[in-house]
Structures are given as C-alpha cells and as structure tokens.
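The values are calculated or read from the model by the stated rules, or taken from the named source; none is laboratory data. A quick note: this is a predicted structure, and the numbers were derived from the prediction, not measured. When we count neighbours, we look across all protein chains shown, and the Cβ atoms used for this are built from the backbone with ideal geometry, even at glycine.
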Amino acid sequence: MKGCQLLVFSCQLRGLSVTIHRLLVYAGWGKIFTNRFCPKPDNRRLKTVISQVLLIIFFIPLVVSAHFEEVHVLIEAGDYPAAIHKLEGLAASTQDIAVKSWCYYQIGEIYYNYTHQYTRAAGAYDKILQLEKKGLSAEELFLAIIKKGDVYSRMGNYQDAIQTYDRLIKLAPASHFVHKTGLQKIRDINTALGDLREQQRVMIQHRGTPLAAVAQFQIAELYRNQSQLNQPAKAIAKYEELLAAHPDAVMAPEARWRIAHLRHTVLNQSALAIATYRKVVNDYPTSNFAAEALYQIANIHRTSEKYSLAIPVFEKLKQKYPNFWNMHAVLYWTGVCHEKTLNYPKAIAAFETFHHAYLPQLDPGYLGQISMHDKSVSEVKVQIGKRIEKLSAQIAETELERLDAARANRDFSLALSIARNLLATTPHTPQATQASEQLLTLQHLATIENLREQLQNEILPPVEAARARLQIGTIYEQHLQDYPAAIEVYKEVSKYHPDLPYSAEALYRSGIVYAEQLAAPNKALEAYQTIIAVHSNTLQAMMAHFQLGELYRKLNRYSEAVQAYKTTIGYPERDRYLAGGYKDSFSDRAQFRIGRVHYDDGRYNEARFAFEEFIQNRSESPRRAAAYVFLAAINEKHDESAQAAYFYKRAEDTLTDSPVQMAALIEEASTLDNLQATDSETVMRSLKAHQKRLNMR
C-alpha cells in the first residue's frame, strides 16, 4: 500500500508515530521495530532513546484517524493535489500544534516522495519549524530539521544542507542521538563530494576505458545513495550516460536495474519502473539483475492487487532463473496470488513447495522477504502447514525413481521439478530426504543447462554470450565447487571473447581458483600476468597486481611482492564502505601488506616506516589497529618497551566497540608471535597483558 509509507496511522491503528520511527531510523534503531532478527541493542541506550520520544506517541489526537483513510485513498489514486488540499484544510482548522505538525509533515512527504517539488517540500517543513515557539516538541523540531536538510541534499544544495544539519547539532545535546545523526550526515556529504571529485578525475584520466566506466558508475552511485549525495533523478541521468557511453560495460545490467529501482522505490513512478525493469530482462537476460527485475515487476503488480498480472511474472522467474537467491519468497507470493484469485489447488502447491523445500533451510533473517519479520520460523511453519496435505509413500518412491532417471539423462530441469514436487507432497519420507540433499545442486545444474541451451539454440550478442559463459563458470566455482569444470568454462570465455572485459574477469577468477583451490601457483601467476598484458586498463588488472603480491608474499619472493603491491596502489582506488565510517580498498590492503612483507622478511626498519606511513595516510582504514600491533611488535624487537606499550594501547583504543577493526586485526595480525588469537575477547586480553608486562619493565 503506497500510502502507508507516507501517512502516519493514529495510535489506534499502529501505536507508533512516524516521528518516532523516522528518528529511530536516523539513529540506527529503526530495525528494532521492523526486524526482530537484528542484533540485540544495549537496553540502557534503547531506554534512553525511547524515553526521549515516548512522550509524543500519543501526540496525534483521535480526530486525525478520521481523516487518514480519506487522504490515504487520494494518495493511492495518485490525486496528490486533493490530498494536500485536505491536509492544508485540517492544518488551518485546528489549534492543536501536534496536528498541525502532522499535517505539514505529510504535505512535505508528498512533495518530497511523490511530486518531487522540493522547494514546496522545504516550505512545508519550514511551517513545522515556525511552530517551535508555540509548543512544538523537540523531537518534532529535530525531525523537521533533518527532513529540510534532506530536501536541500535532494536539490543539490549541499552547503545549505550542511548548514541545516549544523543547526540540528547546535540544538540537540551532544548526548542526543540526533546530534550524532547531524554530525554523520555532514561527514557523509563531505566524503561523498570528495569521492565525486576523485571519480571525475579518474573519468578524465582514463576516458574511453573500462576504468572510466567504473568511475562513471561510482558517480551515479554517489548520487543514488540517500546517505551520500541523495539525488535520484541525477543518478538516473548518470546511469543513462554510462549506458550510452559504455553499453557493453560489465556493470551495464546493474545500471539499468538501478534506474528502474530508483523509479520504483524512491520516485514512486511505478509505470516507468515496470517499463525499465522489462528493459533489464530483455537486454540482459543472462544477468542476475534480470531475475531481480522480474521479481520487482511481479511485486509491483501484487502490491497494487493486480494478482493475475503478477502470477505469470513469478512463473517466468521460476522457470528462467531457478537459482534466484530469493526463491523462497517467489514461491510464497505465488501462493498468495493464487489464493487471492481463488485458484486454491495452485495456491496449495506453491505453499507446499515453500513450506517443505525452502522454509526448513531458511535463515530467519530472510523472513522479512515474505512480510513475516515479526514471526519465528516455527510460527511460520505452523501457519503454512495448516494448508498442506500429505501424500502416500508409494508416490514418493515413484517420484524418486523419476528423479534418478532424469538426472542420469542429464535433464536437470526435469529433475529439479520432480525434486521440488517430491519435497512438497511427501516431505517426511526417506525419498524426500534424498531429494532435499540434491535440491541445491539441481538448482545450479538446471541454471547451467538453461544457459547452455541459450548459447546453443539462440543467437546471443557477443556480450550476452560472454556473460552467460562467465556465469556458468562462477556457478561451477562458487556453488558446485567443481573447480576443474570452472577453469574449463573460464577458458571458453577467453577463447571466444578475448577482447571483452568478461575475459579479464574469467582470467582473474581462474587465477583465484588456481591459487586458492588447486594449489597451482604458477598457473595463477600466468593468469594474472595475462590480464596485465592484455587487459591493462581494467579493474581486474589492478586486482591481478594485488593477487600477484599475495602469491609472491606466500612464496617468500618479497621484493616482487612489494613491487606488485606498489603497482596496485598506483591504480585509482575503488572504495568499499564499511560499518563505522571505514573505507576498504585493494589499495588500502596493498599498502598494509607492504609493511607485512618487510616484517616477514626481517626488515624491521622498512616495516616500521611502512606502517607509520600507513597510519598517517589511511585514517579511514579498517586495518589501523593491525598496523599499531605490528608497530608494537617491531618496537619490542628493538627493546623499546615504552613505545611498544604505547602502540598496544593505541590498538586497544581503536578496537573498542569496532568489530570492523577487530576482524581486520584477526585477519592481518593473528599469526604474530605476540598476538595469536582468533576471537575478540582473546585479542583484548592479550593486548592488556602485553601493556602490563611492558609497563613493569
């Protein structure tokens, strides 16, 4: 229901105002109320947050609920002017500050989310701010300021946005969670603007190459992300520019899908979203994003109660992409749609498949995909199980025989269909157990079968054929663990598509398989060196240099390792944003590994210099704690106890409440003689023990 994401139910209808929900989302607590499987928060902090906003739970009088349905119907019908007129009339007729604030907030949300008239949205939030001296609650004031800052960001007025968030920082006490929210938003904008300049530089420097396409995609991502530049319309324009300039880029399917998803989830343009999702399916049929696009099309139809339109899309998704990651939700919603259209036999069949084939193996965190985040797996089992009938053991035996015959004939699609039916109809039989053990493998083999049929029976464009072969290789490698088969398919990509970027990716994956799975370092070196020689301007070339460094380091060829890492650093960085404000990249890892190589080679002065330089230049690195530990170890080797204790302390401080730093430390430094640990508690005890020992000298 589109209107439900905009309007606030009264306390009778929902029990929690949008003010509370939105503020908690900004503070990082929103999932507490929407996902029962998120990490359990600290109760004292949660109580503090709730105490700050609990007083406004009942701020909306019952009179508002009388207007809710009327406004909701108008929004569902797309009659936004009438909805705004209704809200403006209610705001003008009441003296209740809370009701006025509620009305103006809904008006602002309509302008912001639906009509995209951002100047008018800012005006609506300004009307809330004008109520400050008339008894407006602090939480309502804070939310209006945040929303006005978001409007400025959406308009591209980042300086005004920063000034607005700065006002929030000054108004809210330092201990209040919105104070920290304001600080984070300012940091995010400044970081994103810096990243934008860097990616623009890369585009100019590497114009016409795959690296320029990567940079162009990153620019669109910066505009897309609400926590960064927050301009979905501009993001769409940037994705379109990428598709026009680099139609065969590896990220082209994702770019087209991002356009559709922005129209769908941010701009609320359902018709345009469906048309764009269809382009993803038609233009990139072998991409994983084609499956995602079908799923979104079906859900748009389903949520608008057009069930007869949703069913064939779900069926096509099941047929064309049998290893789709969200297949459990596809089966569940297919059952719902059949139930709504009164086709009970097919509804029961779909629910049976969901209940018996997917639910027993489902991670509880995925229950949100079927709108059951507030239930346990056992509760869902009971709910679905009431509609399931059991079939006889004789049928189970017959179906297993058919399954074995289909697999022997390499008809994996048929085998998969039989296995699913067997699990759905006779779930508690020995035959069903055997089918369950084969289900995931059959899904992947059936996907390979479908892709091979497309390659043999259809005239695919070279890019699509290359993408299909690469996908087959990754299924063999990552899902079936059939590494020789993966290598053979990767060779096909290089053989038939030597000039496409997919060839570079296939060579890179081959190098990883040779190095990490087949214990063939020389073949891995050959694969990486081929990438560097033939595909020098690709992202894979940068990653190949890094992997060369890894191989040389493990082979104790330290000088070559250092040179490979230095070459990696010379490429444009492609950052990966982590929790806690950290940024990771191959460049970050390479610079750190230079210090490790020097340390492993016994060149402690060079290692000291490398780690000190790393700490100075990599303020957002997830490996800072690990660098401090290495510096501590180096100082211990030079009998510099005070300095060693100092660095252990710096490591301890950096690790406090930082799982990202802890994970990197365990990966990078756990093999050191002075810190052999694989869990956070042991690490912290070890650091404290080292400090105590050194301080006693």
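Points worth noting:
- Residue within region 572-591 that is under 30 Å from GLN200 (Cβ atoms), more than 25 Å from the chain's Cα centre (by Cα), touching a residue at least 12 places away in the same chain (Cβ under 8 Å) and not in a loop (DSSP other than H, G, I, E, B) present: yes
Residues checked against (1) small (Gly, Ala, Ser); (2) crowded, with 17+ Cβ neighbours inside 10 Å; (3) over 18 Å from LEU423 (Cα atoms); (4) in contact with a His (Cβ under 8 Å, 6 or more places away or on another chain):
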| residue | (1), (2), (3), (4) |
| --- | --- |
| VAL280 | no, yes, yes, no |
| ALA290 | yes, yes, yes, no |
| ARG302 | no, yes, yes, no |
| ILE311 | no, yes, yes, yes |
| LYS320 | no, yes, yes, no |
| PHE351 | no, yes, no, no |
| GLN361 | no, no, no, no |
| GLY385 | yes, no, no, yes |
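- Of SER670, SER658, SER686, SER621, all but one fail to be without any contact (Cβ under 8 Å) to a residue 24 or more places away in the chain and under 31 Å from the mean Cα position of the chain (by Cα); the exception is SER670.
- Helices (runs of 4 or more DSSP H) (entirely within region 222-309) containing at least 2 residues that are among the acidic types (Asp, Glu), more than 20 Å from LEU451 (Cβ to Cβ) and touching a Gly at 6+ places or on another chain (Cβ under 6 Å): none
Residue-wise test of (1) among the aliphatic types (A, V, I, L, M); (2) surrounded by fewer than 20 Cβ atoms within 10 Å (Cβ to Cβ).
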| site | (1), (2) |
| --- | --- |
| ARG469 | no, no |
| HIS479 | no, yes |
| TYR483 | no, yes |
| ALA486 | yes, no |
| VAL489 | yes, no |
| VAL493 | yes, no |
| PRO498 | no, yes |
| ALA504 | yes, no |
| TYR508 | no, no |
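- Residue that is under 24 Å from ALA415 (Cα atoms), at pLDDT 95 or above and assigned to a helix (DSSP H, G or I), where the choices are ALA485, ALA506: ALA485
- Number of positions in region 390-420 that are assigned to a loop (DSSP other than H, G, I, E, B) and either modelled with pLDDT under 90 or among the β-branched types (Val, Ile, Thr) (or both): 3
- Test result for ALA632, over 31 Å from the mean Cα position of the chain (by Cα), surrounded by 15 or more Cβ atoms within 10 Å (Cβ to Cβ), small (Gly, Ala, Ser) and assigned to a helix (DSSP H, G or I): yes
- Boolean, THR191 is surrounded by fewer than 19 Cβ atoms within 10 Å (Cβ to Cβ) and either in contact with an Asp or Glu (Cβ under 9 Å, 6 or more places away or on another chain) or not in a helix (DSSP H, G or I) (or both): yes
- Restricting region 656-696 to residues that are closer than 20 Å to GLY595 by Cα and surrounded by 20 or more Cβ atoms within 10 Å (Cβ to Cβ) leaves a set whose member that is modelled with the lowest pLDDT is LEU675.
- Which listed residue, of TYR628, TYR558, TYR599, TYR582, is modelled with pLDDT of 90 or more and closer than 25 Å to GLU221 by Cβ: TYR582
- Condition met for GLY108 (free of Cβ contacts under 8 Å to residues at least 24 places away in the same chain, crowded, with 16+ Cβ neighbours inside 10 Å, of a type outside the set (A, V, I, L, M, F, W, C) and within 23 Å of GLN231 (Cβ to Cβ)): no
- Complete set of residues in region 524-571 that are outside any helix (DSSP H, G or I) and within 30 Å of the chain's Cα centre (by Cα): HIS535, SER536, ASN537, THR538, GLY570, TYR571
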